[in-house]
Structure formats: C-alpha cells, structure tokens
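Accompanying notes for the structure given below.
The values are calculated or read from the model by the stated rules, or taken from the named source; none is laboratory data. Values in this document were obtained by computation on a predicted structure and should not be read as measured data. Cβ placement follows ideal geometry from the backbone for every residue including glycine, while neighbour counts extend to all protein chains displayed.
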There are 2 protein chains.
Amino acid sequence: MNIKRAFSIRGVGKYLPLTSVSSEEIENELDLPKGFIFKNIGVETRHKAMGESNTFMGEQALREALNDANMTIDNIDCLIGASATFDYVIPNRSTLIKNAFKEDNDLDFTCIDINSVCTSFITALDYASLLLTTGEYKNIAIVSSESSLKGLNPEDIETYSLFGDGSAAVIISTTDQPAGLIKYKSKSYTKGVKYTIIEGGGNVNHMKDVPYDPSLYSFKMQGKKLLKNVKSILPIFLSDFFKKQEVTMQEVNLIVPHQASKLGLRMLISLNKGYTENIVDQLENHGNCIAASIPLALVNSIKNNSLKEGGICLLIGTAAGITISSLLFKYTKL
Amino acid sequence: MNIKRAFSIRGVGKYLPLTSVSSEEIENELDLPKGFIFKNIGVETRHKAMGESNTFMGEQALREALNDANMTIDNIDCLIGASATFDYVIPNRSTLIKNAFKEDNDLDFTCIDINSVCTSFITALDYASLLLTTGEYKNIAIVSSESSLKGLNPEDIETYSLFGDGSAAVIISTTDQPAGLIKYKSKSYTKGVKYTIIEGGGNVNHMKDVPYDPSLYSFKMQGKKLLKNVKSILPIFLSDFFKKQEVTMQEVNLIVPHQASKLGLRMLISLNKGYTENIVDQLENHGNCIAASIPLALVNSIKNNSLKEGGICLLIGTAAGITISSLLFKYTKL
C-alpha cells in the first residue's frame, strides 16, 4: 500500500461519563412500550455527562492517551479539538483542554479547533498528518469530547434516545514505519445543509431575542430526507474512494464508521456487500456520540485488539452539512 | 527568501454591513462625554450587522473574491470557515456559506471550520497552504465572517464600543511563482484562557438552565490582566519568530495585525521600534472584527496597493486562549 503521509498512533484514551441511561429508563420517562427504543433506534444504553464538562472529559481522555503512549503533556506539540459541542462560545475547546493540565501550565504548544461536525475527527487526523510533514511537530493530540445532554428535546423521541456522550483522544506521531495515511477524501453536499440543525443559540436565533424553547434550542433531524440524501450520495462516494485502491472495502481489516444511526449503519453494511465482520458497531452501548463516535470506536478497537499492528483501517462518516469524509490508513503504534 | 509552501492570493473580497455606528451615537446612548470612546478605545466608527447573518456576509465577501480572481464557485476545491461567531451551533459555518451559492448547489467540494478565535484566519491560511501541497486542491477559499452585535453588554463600555462586524474572503491557489508561506508559528499560553470569555451559551452555562442575562451571555475581557500577559509573551514570541529570518520586523513590507485594541496596536508599534509606516491600523474605522479583522485588513491592503506584487507580509494576532499566531509570506497574485 502506498503511504502518502506517515504517522503512528502512539497512544489512545477515552472517557465515558459515570452515568449510564438505559433505554428502559427513557421508555419509562416518555411512556413508550418496553423495547421500543432498541427495536427502532438500535440503542440499549448510553453514557450521559451529568456533571462532567466537555473540557473535563477531553482532559481525562487525553491523560489516558498520554499514559498509553508513555508520554507526558510536555511531549505534545499541538492539540486539536475536534468536536461539535462546546463548554463556551469563546475561548475554543482546545485551549480549555490544555489549560486543564494545570500542573504544566507553562507549556505553550499551539491549540486549534476543527469542526466538520460529526466527521471532525477524520478532518483533524488528515490535518495532523499534514502538520507532521512540516517537521515542526512530533506528537499531535486530537481530542473529541461531546455532550449532547442539554441539546436534546424529550418530545423528539428519535434524537432524544439516539445520542450518547463521551470523549476520546488519539496521539499521532512521526514514525519511520511504513504506516499512516493512504487516502483521505471529504465532500460537502450542502443541499441538505439544514436537514440536521440546532436552530437556536447562534446569531440567527440568539438567546438575547428568543427565549429558551426546547424545540428551537435542541438538535433537529429530518431523518427521512437525510437518509434519502445519503442513500443517493454515499454509494458513489465510496465507489470513487476505492477506485484504484489495492484493497476493496471488504478487504479492509477494520471499518470504523460514525455511529450515526441504526439505518445509517445498515446502509454501510449493504455497501460492504452484507459483510459485517470488519465493521465496528457500538451503537447499542454508546449511541451516537457526535464527533466522539469515530475516535471512541477507534480507541475501543485498538484497546480490544480488533485493529492490529499493520492493519488497514477505514474511517468513514456523514456529518451535518451534509459532509461525507473518509480516511484510509495503515495502523502502527511504533 | 526561502518559500516553504507556495501559494498565490488569486482573489480577495469583503463585505461590510450597511449600518455604521459612530462612537458619538454610542456616547449618546451610554451617556458618555463626547470624544470619550475615540480617546480611550481608539474607535470612531464601526459597521454593525443589523439584518445580515454571518452566512450572508461570508457569501458576499466570497462572491467579491471570486469576481476578483476571475473565477466562479465551481473553481473552488475547499472552503474553510475561519471565524469565532456563528449563525447556528450545528451545522458548521462553511457548509452554510457554500449552500448560499444556491445556483451551484450540486457542487460537492469540502467545507471545514477552523477556530482559533481571533487568529482563525492565520491558522486557516497555514492549513490551506498545507492542503495545496497534497495536489488534491488548486483553489481554496478562506472566509471569515463575524457579527458581535448580540454578544456585547452595553454596561461594559470597553467591549461594547470596541467591536465591529464584517467579513472577508481570500482565495489562495497553487502557483509556480516563488511566493507563498515563509514561516508560520502559533503558540497557546493557556494560563490566560479565561481572560476573554463568553460564559453563557455552551454546555457549562446552557440556556436550558440559565436564562439570558447580558453579563453572562456577552463577551467579557479582563483587559488589564490580558494586556499584562501579552506584554510578557509577545516580545519573546516575535523575537523568536524573526530569529534566523532574512528580514527584520521593520523591513517587512506590510504588517497586518489583528485589530485587537488601541493598546494592543500600540504595543506592536513599540516592538516595531516605533516604526508605524508598515503597520496596518484600521481600528478607527472598523473596530475589532474578531477573526475577520486580519483578513479584512489584508484585503484592504491588497485593494489599495499597500501590499504589492512580491511584497513581504506579516500576519500577527493574539486570540482568546491566549493564542499568539503569526505567518510571514511573500505576496503574489499570479
């Protein structure tokens, strides 16, 4: 395989909020029949950040990744915050996470936020692999940390029961191994830009003018339109992506998709010719964790040895926008 | 000069909101003595987006830049939204701007948001120069569009009178000219992470829990602490940046600083040994336009021929975080 930009994944970490919410609890809350949510949404349980901030969860995941990499925070040259939700409008997510390492507050490595909503981690990984080529950076931390708790409307069963919270951190480093990025592609099909939206909280519907109302300040999804749209573009995107590649989708050792929804994952399986063995599906136990979904699934796959040294891995996701991104890489920890 | 990554600036554009607000009007509103704001804050007039959304302003600036480059939107391979304020929490800024080009809604180039607050444009320009090296992109649009109107507290005179709104777009392209990025550096000194903050509106103080209150949902700045901090780090940052460079700061043809504040610009002049001729100062007529300040000053300088073909230009800014970024480049339009 032709490696375009070498990198190793030196360390991975995650943080899951202490509180788990079962679908049964939500069914009781919303007066739904037992088993309704798992049957229709595909989620059995999800973590919920009740007291944990995005910054705290990001910090915890990064501490675990540093530990895994046998590094300390002063080995990091750049921190990329790759998330859609945030603790504050200003400052940005990455500086807040760096600042959580109070014991090393004199460090001055750069902090940047990337936001391509649910595919932010893929964009950030491509970006980090480019930064490594400059010779200015050796170890780059990418942290995705998401909390959807406040942005969901209990009256919208589909979204209220779909999302979960959590964070993941990945440290990528220069390497002399023949591993790293093979291919990256991202496309934005903005006809569907408002199929997934939080209408309130920005400049268009500002809290100064429009008082809080769960239907305006919560995440909304036009599920059917979205799915129809993705159905029309994803097969072409993937077929283009694998054109001229040495591997087919089914031959990839591990496919780490965004855990968008039950139907979304089913669509991906059908594009994988029904083959499920190489697809990570953790929707049942985590729900859709926005931008943290992909790195969380990647971190779990590395921890449980589903992705082995030298393995070929595909990250693939759809995001609000609608953006589709995918990244093919050869994994090394060395 | 050693060019690290070639690029040309093929087109530039801007949009300024139709409404201008003079300092005299604000002085009348806040019952301040005539001349107080210009004397203390350095701003005489600023544009204010009264009906214009961030997306609309970004679209207008990009249309002007495309026109300047003699291009249409289908020449663009990637759009980077580089701003701190936004129309919606989800989707991201860049997909909304792309979608404003309804007439070309079938285009599928990628859209990404970069956020390093006030220095987002500098980060985005470095990022775009890296993307060009991959051979996958020929023309990348960077759009910064900011509206501070809703996020300011009239009781906080310093910030209420300092900020202005507007947008700027820059199209950078591959080139065979010996021009482009000479050096980029960014550092985040997060001890001061909360010196500039909007406390409300994210997950920590969510509108679900905390009703709108101008003191919580507006931009706050601990001006003295911030300035003291920047005073201690900026001289070292700049002296390091120019070490081993063929030019000194005074020899740079044009310095485009973030229009942070009167005192911030004064500090930069003193670091430039009192030499003001090569420093763009448009605080008086625009105020601090957050991430749009730097590209707006750059666009104006290219339009009025202050930056000429072959000229050496320094972008420099401080941002909430506290992040300091600077980028030295050789300008070509070819």
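So the values come out like this:
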item: Answer from B:Glu103, B:Glu155 - the residue that is surrounded by fewer than 19 Cβ atoms within 10 Å (Cβ to Cβ) and under 28 Å from B:Glu199 (Cβ atoms); result: B:Glu155
item: Matching residues in region B:94-137 - criterion: being more than 7 Å from chain A (Cβ to nearest Cβ), farther than 14 Å from B:Pro295 by Cβ and not aliphatic (A, V, I, L, M); result: B:Ser94, B:Phe101, B:Lys102, B:Glu103, B:Asp104, B:Asp106, B:Ser129, B:Thr133, B:Thr134, B:Gly135, B:Glu136, B:Tyr137
item: Leading residue by the ranking (farthest from the chain's Cα centre (by Cα)) among those in region A:239-250 that are more than 15 Å from B:Asp108 (Cα to Cα) and without any contact (Cβ under 8 Å) to a residue 60 or more places away in the chain; result: A:Lys244
item: Selection status of A:Pro235, out of contact with any Gly (no Cβ under 6 Å at 6 or more places or on another chain) and either hydroxyl-bearing (Ser, Thr, Tyr) or crowded, with 22+ Cβ neighbours inside 10 Å (or both); result: no
item: Residue check, B:Phe86 aromatic (Phe, Trp, Tyr), facing another protein chain (nearest Cβ under 10 Å) and free of Cβ contacts under 8 Å to residues at least 60 places away in the same chain; result: yes
item: Hits in region A:258-290 (condition: among the small types (Gly, Ala, Ser), within 18 Å of the chain's Cα centre (by Cα) and not in a loop (DSSP other than H, G, I, E, B)); result: A:Gly264
item: Among (1) over 30 Å from A:Thr332 (Cα atoms); (2) under 17 Å from the mean Cα position of the chain (by Cα) - the single one A:Asn54 does not satisfy; result: (1)
item: Residue list for region B:158-203, filter: within 7 Å of chain A (Cβ to nearest Cβ), surrounded by fewer than 22 Cβ atoms within 10 Å (Cβ to Cβ), at pLDDT 95 or above and more than 30 Å from B:Gly35 (Cα to Cα); result: B:Lys187, B:Glu199
item: Residue within region B:54-68 that is more than 16 Å from B:Ser120 (Cβ to Cβ) and not in a helix (DSSP H, G or I) present; result: no
item: From the options B:Ile255, B:Ile197, B:Ile236, residue that is over 21 Å from A:Asp213 (Cα atoms), over 19 Å from the mean Cα position of the chain (by Cα) and not in a loop (DSSP other than H, G, I, E, B); result: B:Ile236
item: Filtered residues of region B:308-327 (kept if buried (at least 21 other Cβ atoms within 10 Å of the Cβ) and either out of contact with any strand residue (DSSP E or B) (no Cβ under 7 Å at 6 or more places or on another chain) or within 14 Å of chain A (Cβ to nearest Cβ) (or both)); result: B:Gly317, B:Thr318, B:Ala319, B:Ala320, B:Gly321, B:Ile322, B:Thr323, B:Ile324, B:Ser325, B:Ser326, B:Leu327
item: Filter result for B:Ser293 (under 15 Å from the mean Cα position of the chain (by Cα) and not assigned by TED's automatic domain parsing to the domain that holds B:Ser116); result: yes
